[in-house]
1. Has the range 255-267 got any residue that is within 30 Å of Pro153 (Cα to Cα) and under 19 Å from the mean Cα position of the chain (by Cα)?
2. Scan the range 1-37 for residues that are touching a Leu at 6+ places or on another chain (Cβ under 6 Å) and crowded, with 17+ Cβ neighbours inside 10 Å and jot them down.
3. Can you name the strands (runs of 3 or more DSSP E) wholly within the range 333-416 that have at least 2 residues being more than 15 Å from ligand 1 (Cβ to nearest atom), in contact with a Cys (Cβ under 9 Å, 6 or more places away or on another chain) and farther than 19 Å from Gln181 by Cα?
4. Considering only the range 1-46, state which residues are polar (S, T, N, Q) and within 16 Å of Thr70 (Cβ to Cβ).
5. Could you list, in sequence order, the residues of the range 264-284 that are among the aliphatic types (A, V, I, L, M) and surrounded by 19 or more Cβ atoms within 10 Å (Cβ to Cβ)?
6. If I go through the range 233-248 residue by residue, how many of them are buried (at least 17 other Cβ atoms within 10 Å of the Cβ) and either within 16 Å of ligand 2 (Cβ to nearest atom) or over 14 Å from Trp137 (Cα atoms) (or both)?
7. In this structure, is Phe300 of a type in the set (Phe, Trp, Tyr), within 16 Å of ligand 2 (Cβ to nearest atom) and surrounded by fewer than 21 Cβ atoms within 10 Å (Cβ to Cβ)?
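The values are calculated or read from the model by the stated rules, or taken from the named source; none is laboratory data. What you see is a predicted model, and the numbers here were worked out from it, not measured in a lab. With ideal geometry, Cβ positions are generated from the backbone for all residues, glycine too; neighbour counts draw on all protein chains shown. We work out accessible area using only protein heavy atoms, side chains counted, and drop any ligands, DNA or RNA first. Shrake-Rupley method; radii C 1.70, N 1.55, O 1.52, S 1.80 Å.
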Amino acid sequence: MPIVQIGDILEGKHTDKDVTIRGWVYRKREGKDMVFTLMRDATGVIQCTIKRDSPAWEETEKVTIESSATLNGSVKEDKRAPGGYEIACKELNIIGLAETFPISKDQSEDFLRDVRHLWLRSRRMNLIMRIRDETLWSVHEFFRAKGYVEVSPPMFISGAVEGGSTLFSLKYFDQNLYLTQSAQLYLEALIYSLEKVYCVAPSFRAEKSRTIRHLTEYWHIEPEQAFADLDDMMRLEENLVSYVCQKMAKKCKKELDELSVNAEALAGTEPPFPRVTYTEALDVLHKKGFKLEWGQDFGFNEEKAFAQEYGKPVFVYAYPKQIKAFYCKTYREKPELAMSADLLVPGIGEITTGGSRVDDKDELIQRMKEFGLRPEDYDWYVDLRRYGTVPHAGFGMGVERLLAWMLNLENVIDAIPFPRTIRRFYP
Ligand code: 4AD
Ligand code: MG
(Lines give C-alpha, C1' and ligand atoms only; values in the text may rest on other atoms or scores of the structure.)
(Ligands and ions follow the chains in the order given, each with its own letter.)
Protein backbone atom coordinates (compact mmCIF):
# COMPACT_ATOMS: atom_id res chain seq x y z
CA MET A 1 0.00 0.00 0.00
CA PRO A 2 1.49 3.41 -0.92
CA ILE A 3 2.53 5.80 1.86
CA VAL A 4 0.69 9.06 1.29
CA GLN A 5 0.71 12.49 2.86
CA ILE A 6 -2.21 13.59 4.97
CA GLY A 7 -2.28 16.96 3.19
CA ASP A 8 -3.00 15.15 -0.08
CA ILE A 9 -5.83 13.15 1.48
CA LEU A 10 -7.39 16.40 2.72
CA GLU A 11 -7.20 17.72 -0.84
CA GLY A 12 -9.28 14.79 -2.02
CA LYS A 13 -6.48 13.00 -3.85
CA HIS A 14 -7.06 9.55 -2.30
CA THR A 15 -10.79 9.42 -1.66
CA ASP A 16 -12.25 5.86 -1.49
CA LYS A 17 -8.75 4.37 -1.73
CA ASP A 18 -6.74 2.27 0.69
CA VAL A 19 -3.68 4.15 1.91
CA THR A 20 -0.92 4.06 4.51
CA ILE A 21 -0.02 7.17 6.46
CA ARG A 22 2.81 7.62 8.93
CA GLY A 23 3.15 10.20 11.60
CA TRP A 24 2.18 10.86 15.20
CA VAL A 25 -0.95 10.49 17.31
CA TYR A 26 -2.23 14.02 17.88
CA ARG A 27 -5.37 13.26 19.90
CA LYS A 28 -7.17 10.17 21.06
CA ARG A 29 -10.79 9.88 22.15
CA GLU A 30 -12.15 6.57 23.33
CA GLY A 31 -15.74 5.48 22.95
CA LYS A 32 -17.23 2.13 23.92
CA ASP A 33 -16.83 0.35 20.62
CA MET A 34 -14.88 2.92 18.72
CA VAL A 35 -11.71 4.96 19.14
CA PHE A 36 -11.15 8.24 17.31
CA THR A 37 -7.56 9.26 16.82
CA LEU A 38 -6.23 12.31 15.08
CA MET A 39 -3.04 11.46 13.22
CA ARG A 40 -0.67 14.19 12.09
CA ASP A 41 2.23 14.31 9.70
CA ALA A 42 4.17 17.31 8.36
CA THR A 43 1.33 18.20 6.02
CA GLY A 44 -1.85 17.94 8.06
CA VAL A 45 -4.08 16.26 10.63
CA ILE A 46 -6.72 13.64 9.87
CA GLN A 47 -9.31 11.77 11.91
CA CYS A 48 -9.02 7.98 11.96
CA THR A 49 -11.65 5.65 13.35
CA ILE A 50 -10.86 2.23 14.78
CA LYS A 51 -13.68 -0.18 15.58
CA ARG A 52 -13.55 -2.73 18.36
CA ASP A 53 -13.80 -5.60 15.89
CA SER A 54 -10.87 -4.26 13.82
CA PRO A 55 -7.52 -6.11 13.87
CA ALA A 56 -6.00 -2.72 14.82
CA TRP A 57 -7.90 -2.61 18.15
CA GLU A 58 -5.13 -4.06 20.33
CA GLU A 59 -2.48 -1.59 19.16
CA THR A 60 -5.03 1.20 19.35
CA GLU A 61 -5.68 0.54 23.01
CA LYS A 62 -1.93 0.72 23.70
CA VAL A 63 -1.14 3.79 21.63
CA THR A 64 -0.55 7.09 23.48
CA ILE A 65 -0.53 10.75 22.47
CA GLU A 66 2.58 11.60 20.40
CA SER A 67 3.45 7.97 19.71
CA SER A 68 4.75 7.55 16.19
CA ALA A 69 2.94 5.00 14.06
CA THR A 70 1.96 3.86 10.61
CA LEU A 71 -1.70 3.38 9.95
CA ASN A 72 -3.57 2.03 7.00
CA GLY A 73 -7.17 2.07 6.06
CA SER A 74 -9.61 3.41 3.53
CA VAL A 75 -10.21 7.11 2.95
CA LYS A 76 -13.79 8.35 3.12
CA GLU A 77 -15.19 11.80 2.61
CA ASP A 78 -17.10 12.75 5.76
CA LYS A 79 -18.51 16.22 6.32
CA ARG A 80 -18.56 15.70 10.11
CA ALA A 81 -14.84 14.95 10.38
CA PRO A 82 -12.45 17.88 10.93
CA GLY A 83 -11.00 18.64 7.48
CA GLY A 84 -13.82 16.75 5.75
CA TYR A 85 -12.07 13.36 5.44
CA GLU A 86 -11.61 10.33 7.61
CA ILE A 87 -9.70 7.05 7.50
CA ALA A 88 -11.45 3.85 8.54
CA CYS A 89 -8.43 2.13 10.07
CA LYS A 90 -7.56 -1.48 9.30
CA GLU A 91 -4.09 -1.71 10.75
CA LEU A 92 -2.02 0.32 13.16
CA ASN A 93 1.68 -0.25 13.87
CA ILE A 94 3.36 1.64 16.66
CA ILE A 95 6.90 2.76 15.80
CA GLY A 96 7.79 4.60 19.02
CA LEU A 97 5.43 4.36 21.99
CA ALA A 98 5.40 7.77 23.73
CA GLU A 99 5.59 8.24 27.48
CA THR A 100 2.92 10.54 28.93
CA PHE A 101 3.25 13.72 26.85
CA PRO A 102 3.83 16.76 29.08
CA ILE A 103 1.70 19.10 26.98
CA SER A 104 -2.04 18.87 27.43
CA LYS A 105 -4.80 21.42 27.07
CA ASP A 106 -4.85 24.91 28.60
CA GLN A 107 -1.20 25.28 29.47
CA SER A 108 0.38 28.66 29.96
CA GLU A 109 2.40 30.36 27.22
CA ASP A 110 5.34 30.27 29.57
CA PHE A 111 5.17 26.51 30.02
CA LEU A 112 4.83 25.99 26.28
CA ARG A 113 7.99 28.03 25.78
CA ASP A 114 9.82 25.92 28.39
CA VAL A 115 9.02 22.81 26.34
CA ARG A 116 9.49 24.49 22.97
CA HIS A 117 11.24 21.38 21.59
CA LEU A 118 7.92 19.54 22.03
CA TRP A 119 5.55 22.45 21.37
CA LEU A 120 7.09 22.75 17.88
CA ARG A 121 4.95 19.69 17.07
CA SER A 122 1.76 21.68 17.58
CA ARG A 123 -0.35 22.62 14.61
CA ARG A 124 0.13 26.30 15.41
CA MET A 125 3.94 26.13 15.36
CA ASN A 126 3.89 23.91 12.28
CA LEU A 127 1.87 26.58 10.45
CA ILE A 128 4.03 29.47 11.65
CA MET A 129 7.23 27.66 10.63
CA ARG A 130 5.81 26.98 7.18
CA ILE A 131 4.90 30.62 6.71
CA ARG A 132 8.34 31.66 7.99
CA ASP A 133 9.89 29.39 5.35
CA GLU A 134 7.74 30.81 2.56
CA THR A 135 8.43 34.35 3.76
CA LEU A 136 12.19 33.81 3.57
CA TRP A 137 11.87 32.22 0.12
CA SER A 138 9.91 35.20 -1.10
CA VAL A 139 12.54 37.59 0.29
CA HIS A 140 15.24 35.76 -1.70
CA GLU A 141 13.01 35.76 -4.78
CA PHE A 142 12.44 39.49 -4.45
CA PHE A 143 16.10 40.44 -4.21
CA ARG A 144 17.29 37.99 -6.85
CA ALA A 145 14.73 39.21 -9.36
CA LYS A 146 16.14 42.71 -8.87
CA GLY A 147 19.77 41.67 -9.35
CA TYR A 148 20.98 41.74 -5.72
CA VAL A 149 23.75 39.27 -4.93
CA GLU A 150 23.42 37.25 -1.73
CA VAL A 151 26.55 37.44 0.42
CA SER A 152 27.67 35.78 3.67
CA PRO A 153 28.97 38.21 6.30
CA PRO A 154 30.93 37.17 9.43
CA MET A 155 29.31 36.68 12.85
CA PHE A 156 32.53 37.29 14.84
CA ILE A 157 33.34 40.99 14.67
CA SER A 158 35.86 43.32 16.27
CA GLY A 159 33.86 46.58 16.56
CA ALA A 160 30.30 47.69 17.34
CA VAL A 161 27.84 48.58 14.57
CA GLU A 162 24.83 49.69 16.58
CA GLY A 163 26.31 51.05 19.81
CA GLY A 164 28.20 49.34 22.61
CA SER A 165 25.34 48.77 25.06
CA THR A 166 23.86 45.80 23.20
CA LEU A 167 27.12 44.04 22.26
CA PHE A 168 27.76 40.46 23.28
CA SER A 169 31.46 40.00 23.87
CA LEU A 170 33.23 36.68 23.81
CA LYS A 171 36.65 35.16 24.31
CA TYR A 172 38.26 34.49 20.94
CA PHE A 173 41.46 32.61 21.78
CA ASP A 174 43.24 35.27 23.82
CA GLN A 175 41.38 38.26 22.36
CA ASN A 176 38.00 39.85 22.99
CA LEU A 177 35.58 39.86 20.13
CA TYR A 178 31.86 40.44 19.71
CA LEU A 179 28.89 38.79 18.06
CA THR A 180 27.62 40.87 15.18
CA GLN A 181 24.66 43.24 15.67
CA SER A 182 24.27 43.83 11.95
CA ALA A 183 26.11 42.88 8.77
CA GLN A 184 25.93 46.42 7.50
CA LEU A 185 29.59 47.47 7.64
CA TYR A 186 30.64 44.29 5.81
CA LEU A 187 27.89 44.71 3.24
CA GLU A 188 29.21 48.22 2.66
CA ALA A 189 32.61 46.74 1.75
CA LEU A 190 30.96 44.29 -0.66
CA ILE A 191 29.07 46.93 -2.67
CA TYR A 192 32.41 48.20 -3.99
CA SER A 193 32.63 44.91 -5.84
CA LEU A 194 29.03 43.82 -6.40
CA GLU A 195 27.07 47.12 -6.11
CA LYS A 196 23.79 45.51 -4.96
CA VAL A 197 24.06 42.93 -2.18
CA TYR A 198 21.89 41.45 0.55
CA CYS A 199 22.05 38.87 3.27
CA VAL A 200 19.72 37.00 5.59
CA ALA A 201 21.75 36.19 8.69
CA PRO A 202 21.55 36.14 12.48
CA SER A 203 22.18 39.31 14.47
CA PHE A 204 22.81 39.40 18.20
CA ARG A 205 21.74 42.03 20.72
CA ALA A 206 22.36 41.97 24.43
CA GLU A 207 18.90 43.49 24.94
CA LYS A 208 18.04 43.89 28.59
CA SER A 209 14.53 45.00 27.62
CA ARG A 210 11.87 42.35 28.04
CA THR A 211 9.33 43.43 25.47
CA ILE A 212 7.22 41.55 22.97
CA ARG A 213 9.58 42.57 20.17
CA HIS A 214 13.09 41.88 21.48
CA LEU A 215 15.18 38.77 21.01
CA THR A 216 18.87 38.45 21.80
CA GLU A 217 19.36 36.45 18.60
CA TYR A 218 17.23 37.29 15.60
CA TRP A 219 17.35 36.92 11.82
CA HIS A 220 18.15 40.02 9.91
CA ILE A 221 17.41 40.83 6.25
CA GLU A 222 19.89 43.45 5.10
CA PRO A 223 20.42 44.88 1.61
CA GLU A 224 23.06 47.47 0.77
CA GLN A 225 23.39 49.33 -2.51
CA ALA A 226 25.91 51.59 -4.27
CA PHE A 227 24.70 54.82 -5.94
CA ALA A 228 21.52 54.79 -3.85
CA ASP A 229 19.97 57.01 -1.18
CA LEU A 230 17.27 57.05 1.50
CA ASP A 231 14.44 57.47 -1.04
CA ASP A 232 15.64 54.45 -2.97
CA MET A 233 15.63 52.45 0.27
CA MET A 234 12.10 53.47 1.26
CA ARG A 235 10.91 52.39 -2.18
CA LEU A 236 12.80 49.11 -1.89
CA GLU A 237 11.34 48.47 1.58
CA GLU A 238 7.73 49.16 0.66
CA ASN A 239 8.08 46.99 -2.43
CA LEU A 240 9.67 44.18 -0.43
CA VAL A 241 7.05 44.24 2.33
CA SER A 242 4.19 44.40 -0.20
CA TYR A 243 5.68 41.60 -2.28
CA VAL A 244 6.03 39.33 0.74
CA CYS A 245 2.51 40.09 2.04
CA GLN A 246 0.87 39.51 -1.34
CA LYS A 247 2.85 36.36 -1.95
CA MET A 248 1.94 34.93 1.49
CA ALA A 249 -1.73 35.79 0.99
CA LYS A 250 -1.69 33.63 -2.13
CA LYS A 251 0.74 30.87 -1.31
CA CYS A 252 -0.14 30.37 2.36
CA LYS A 253 -3.88 31.09 2.20
CA LYS A 254 -4.74 27.79 3.92
CA GLU A 255 -2.20 28.30 6.70
CA LEU A 256 -3.32 31.90 7.23
CA ASP A 257 -6.97 30.85 7.41
CA GLU A 258 -6.13 28.20 9.98
CA LEU A 259 -4.27 30.79 12.06
CA SER A 260 -7.26 33.17 11.70
CA VAL A 261 -5.13 35.73 9.89
CA ASN A 262 -6.97 37.86 7.36
CA ALA A 263 -5.29 36.95 4.06
CA GLU A 264 -7.27 39.58 2.11
CA ALA A 265 -5.95 42.33 4.35
CA LEU A 266 -2.40 41.09 3.73
CA ALA A 267 -3.04 40.92 -0.01
CA GLY A 268 -4.07 44.58 0.14
CA THR A 269 -0.63 45.73 1.32
CA GLU A 270 0.54 47.96 -1.51
CA PRO A 271 3.10 50.67 -2.08
CA PRO A 272 3.47 53.54 -1.53
CA PHE A 273 3.48 53.66 2.28
CA PRO A 274 2.95 57.09 3.88
CA ARG A 275 6.14 59.03 4.72
CA VAL A 276 6.12 61.28 7.76
CA THR A 277 9.06 63.25 9.17
CA TYR A 278 10.16 62.75 12.76
CA THR A 279 9.07 66.30 13.54
CA GLU A 280 5.57 65.73 12.11
CA ALA A 281 5.32 62.42 13.94
CA LEU A 282 6.25 64.16 17.17
CA ASP A 283 3.32 66.58 16.64
CA VAL A 284 0.92 63.65 16.20
CA LEU A 285 2.25 62.10 19.41
CA HIS A 286 1.90 65.38 21.32
CA LYS A 287 -1.75 65.55 20.25
CA LYS A 288 -2.15 62.04 21.61
CA GLY A 289 -0.82 63.21 24.96
CA PHE A 290 2.77 61.92 24.79
CA LYS A 291 5.21 64.23 26.52
CA LEU A 292 8.32 63.91 24.40
CA GLU A 293 10.74 66.66 23.51
CA TRP A 294 12.25 67.19 20.08
CA GLY A 295 15.43 65.12 19.97
CA GLN A 296 14.17 62.22 22.09
CA ASP A 297 13.84 58.80 20.51
CA PHE A 298 10.47 57.05 20.21
CA GLY A 299 10.02 53.97 22.34
CA PHE A 300 7.70 51.02 21.87
CA ASN A 301 4.63 52.86 23.19
CA GLU A 302 5.13 55.91 20.99
CA GLU A 303 5.76 53.81 17.88
CA LYS A 304 2.78 51.60 18.57
CA ALA A 305 0.45 54.54 19.11
CA PHE A 306 1.73 56.28 16.01
CA ALA A 307 1.41 53.21 13.74
CA GLN A 308 -2.08 52.54 15.14
CA GLU A 309 -3.12 55.97 13.88
CA TYR A 310 -2.35 54.81 10.32
CA GLY A 311 -3.46 51.20 10.69
CA LYS A 312 -0.82 50.13 8.15
CA PRO A 313 2.93 50.41 7.58
CA VAL A 314 4.22 53.98 7.72
CA PHE A 315 7.72 55.47 7.36
CA VAL A 316 9.12 57.97 9.82
CA TYR A 317 12.23 59.70 8.46
CA ALA A 318 14.58 62.64 9.03
CA TYR A 319 15.35 61.83 12.68
CA PRO A 320 17.57 64.04 14.87
CA LYS A 321 21.07 62.81 14.06
CA GLN A 322 22.04 62.19 17.69
CA ILE A 323 19.49 59.38 18.06
CA LYS A 324 20.69 57.57 14.94
CA ALA A 325 23.96 55.71 14.35
CA PHE A 326 27.36 57.27 13.56
CA TYR A 327 27.26 56.11 9.93
CA CYS A 328 24.04 57.99 9.04
CA LYS A 329 24.41 60.73 6.46
CA THR A 330 22.79 64.08 7.28
CA TYR A 331 20.82 66.46 5.05
CA ARG A 332 23.04 69.09 3.43
CA GLU A 333 20.61 71.96 4.28
CA LYS A 334 19.62 70.50 7.66
CA PRO A 335 22.74 68.98 9.19
CA GLU A 336 20.89 68.27 12.46
CA LEU A 337 18.74 65.63 10.68
CA ALA A 338 19.80 62.14 9.64
CA MET A 339 18.79 60.68 6.27
CA SER A 340 17.41 57.68 8.06
CA ALA A 341 13.95 56.07 8.14
CA ASP A 342 12.18 53.54 10.31
CA LEU A 343 9.24 51.56 8.99
CA LEU A 344 6.59 51.29 11.72
CA VAL A 345 3.68 48.82 11.75
CA PRO A 346 0.65 48.44 14.04
CA GLY A 347 1.18 46.27 17.10
CA ILE A 348 4.95 46.04 16.80
CA GLY A 349 6.29 49.49 15.89
CA GLU A 350 9.68 49.49 14.15
CA ILE A 351 10.37 46.65 11.73
CA THR A 352 13.14 48.31 9.70
CA THR A 353 15.79 50.99 9.97
CA GLY A 354 17.70 52.19 6.96
CA GLY A 355 19.04 55.15 5.06
CA SER A 356 21.97 56.90 3.41
CA ARG A 357 25.47 56.34 4.77
CA VAL A 358 28.17 58.97 5.32
CA ASP A 359 30.40 58.67 2.24
CA ASP A 360 32.98 61.38 3.01
CA LYS A 361 36.07 60.21 4.87
CA ASP A 362 36.59 63.29 7.07
CA GLU A 363 32.92 63.51 7.96
CA LEU A 364 32.90 59.83 8.92
CA ILE A 365 35.91 60.25 11.20
CA GLN A 366 34.27 63.33 12.75
CA ARG A 367 31.02 61.39 13.39
CA MET A 368 32.92 58.51 14.98
CA LYS A 369 34.56 60.89 17.40
CA GLU A 370 31.20 62.48 18.27
CA PHE A 371 29.93 59.00 19.11
CA GLY A 372 32.97 58.20 21.25
CA LEU A 373 34.33 55.62 18.80
CA ARG A 374 38.03 55.32 17.95
CA PRO A 375 38.47 55.74 14.17
CA GLU A 376 41.62 53.56 14.31
CA ASP A 377 39.40 50.63 15.39
CA TYR A 378 37.45 51.03 12.14
CA ASP A 379 40.31 51.77 9.81
CA TRP A 380 39.16 49.18 7.25
CA TYR A 381 35.73 50.84 7.23
CA VAL A 382 37.30 54.26 6.68
CA ASP A 383 39.24 52.70 3.75
CA LEU A 384 35.91 52.33 1.97
CA ARG A 385 35.78 56.15 1.86
CA ARG A 386 39.49 56.47 0.95
CA TYR A 387 39.35 54.40 -2.20
CA GLY A 388 36.64 55.33 -4.66
CA THR A 389 33.84 56.29 -2.27
CA VAL A 390 30.27 56.37 -3.62
CA PRO A 391 26.94 57.51 -2.20
CA HIS A 392 25.22 54.41 -0.88
CA ALA A 393 22.37 53.24 1.32
CA GLY A 394 20.84 50.14 2.89
CA PHE A 395 18.44 48.92 5.53
CA GLY A 396 17.84 46.12 8.02
CA MET A 397 14.58 44.30 8.73
CA GLY A 398 13.99 41.81 11.53
CA VAL A 399 12.42 38.60 10.22
CA GLU A 400 10.59 37.86 13.48
CA ARG A 401 9.13 41.36 13.71
CA LEU A 402 7.91 41.13 10.14
CA LEU A 403 6.25 37.78 10.88
CA ALA A 404 4.81 38.93 14.20
CA TRP A 405 3.11 41.80 12.39
CA MET A 406 1.87 39.75 9.42
CA LEU A 407 0.48 36.96 11.65
CA ASN A 408 -0.71 39.09 14.60
CA LEU A 409 1.54 37.18 16.97
CA GLU A 410 1.56 38.36 20.56
CA ASN A 411 5.32 38.14 20.75
CA VAL A 412 8.25 37.77 18.33
CA ILE A 413 9.20 34.71 20.38
CA ASP A 414 6.59 32.71 18.48
CA ALA A 415 8.10 33.54 15.09
CA ILE A 416 11.36 31.64 15.67
CA PRO A 417 11.74 27.95 16.58
CA PHE A 418 14.17 28.32 19.50
CA PRO A 419 13.89 31.86 20.86
CA ARG A 420 16.76 33.45 22.76
CA THR A 421 15.90 36.23 25.19
CA ILE A 422 17.45 37.59 28.36
CA ARG A 423 15.81 34.73 30.31
CA ARG A 424 15.40 32.08 27.68
CA PHE A 425 18.18 29.98 26.15
CA TYR A 426 16.89 26.47 26.86
CA PRO A 427 15.94 24.34 25.00
O1 4AD B 1 17.43 49.31 13.77
P2 4AD B 1 18.58 48.37 13.75
O3 4AD B 1 19.42 48.32 14.97
O4 4AD B 1 19.47 48.78 12.48
C5 4AD B 1 20.61 48.15 12.09
O6 4AD B 1 21.12 47.20 12.63
C7 4AD B 1 21.18 48.65 10.79
N8 4AD B 1 22.62 48.46 10.82
C9 4AD B 1 20.52 47.90 9.66
C10 4AD B 1 21.03 48.31 8.30
O11 4AD B 1 20.88 49.46 7.94
N12 4AD B 1 21.62 47.37 7.57
O13 4AD B 1 18.06 46.91 13.42
C14 4AD B 1 17.34 46.68 12.23
C15 4AD B 1 16.09 45.88 12.49
C16 4AD B 1 15.08 46.56 13.41
O17 4AD B 1 14.30 47.47 12.71
C18 4AD B 1 14.27 45.37 13.91
O19 4AD B 1 13.34 44.93 12.94
C20 4AD B 1 15.34 44.30 14.03
O21 4AD B 1 16.42 44.68 13.19
N22 4AD B 1 15.81 44.20 15.41
C23 4AD B 1 15.41 43.25 16.29
N24 4AD B 1 14.55 42.23 16.17
C25 4AD B 1 14.36 41.42 17.24
N26 4AD B 1 15.01 41.59 18.42
C27 4AD B 1 15.89 42.61 18.59
N28 4AD B 1 16.52 42.75 19.74
C29 4AD B 1 16.12 43.49 17.49
N30 4AD B 1 16.90 44.57 17.31
C31 4AD B 1 16.70 44.98 16.04
MG1 MG C 1 16.40 50.82 14.41
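1. If we filter the range 255-267 for residues that are within 30 Å of Pro153 (Cα to Cα), which is where we start, we get none.
Scanning the range 255-267 turns up no residue that is within 30 Å of Pro153 (Cα to Cα) and under 19 Å from the mean Cα position of the chain (by Cα).
2. Initial filter on the range 1-37 (touching a Leu at 6+ places or on another chain (Cβ under 6 Å)): 21, 26-27.
Hits for the range 1-37 are Ile21, Tyr26.
3. Details: elements: 337-345, 349-356, 392-398.
Output list is empty.
4. Of everything in the range 1-46, those that are polar (S, T, N, Q) and within 16 Å of Thr70 (Cβ to Cβ) turn out to be Gln5, Thr20, Thr37, Thr43.
5. Answer for the range 264-284, where residues must be among the aliphatic types (A, V, I, L, M) and surrounded by 19 or more Cβ atoms within 10 Å (Cβ to Cβ): Leu266, Val276, Ala281, Leu282.
6. Qualifying residue count, the range 233-248: 7.
7. Details: of a type in the set (Phe, Trp, Tyr): yes; within 16 Å of ligand 2 (Cβ to nearest atom): yes; surrounded by fewer than 21 Cβ atoms within 10 Å (Cβ to Cβ): yes.
Spelling it out, Phe300 is indeed of a type in the set (Phe, Trp, Tyr), within 16 Å of ligand 2 (Cβ to nearest atom) and surrounded by fewer than 21 Cβ atoms within 10 Å (Cβ to Cβ).
Yes/no per residue for (1) open to solvent by less than 30 Å² (accessible area, probe 1.4 Å); (2) more than 30 Å from Arg210 (Cβ to Cβ):
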{"position": "Asp383", "(1), (2)": "no, yes"}
{"position": "Arg386", "(1), (2)": "no, yes"}
{"position": "Gly396", "(1), (2)": "yes, no"}
{"position": "Val399", "(1), (2)": "yes, no"}
{"position": "Leu402", "(1), (2)": "yes, no"}
{"position": "Glu410", "(1), (2)": "no, no"}
{"position": "Ile416", "(1), (2)": "yes, no"}
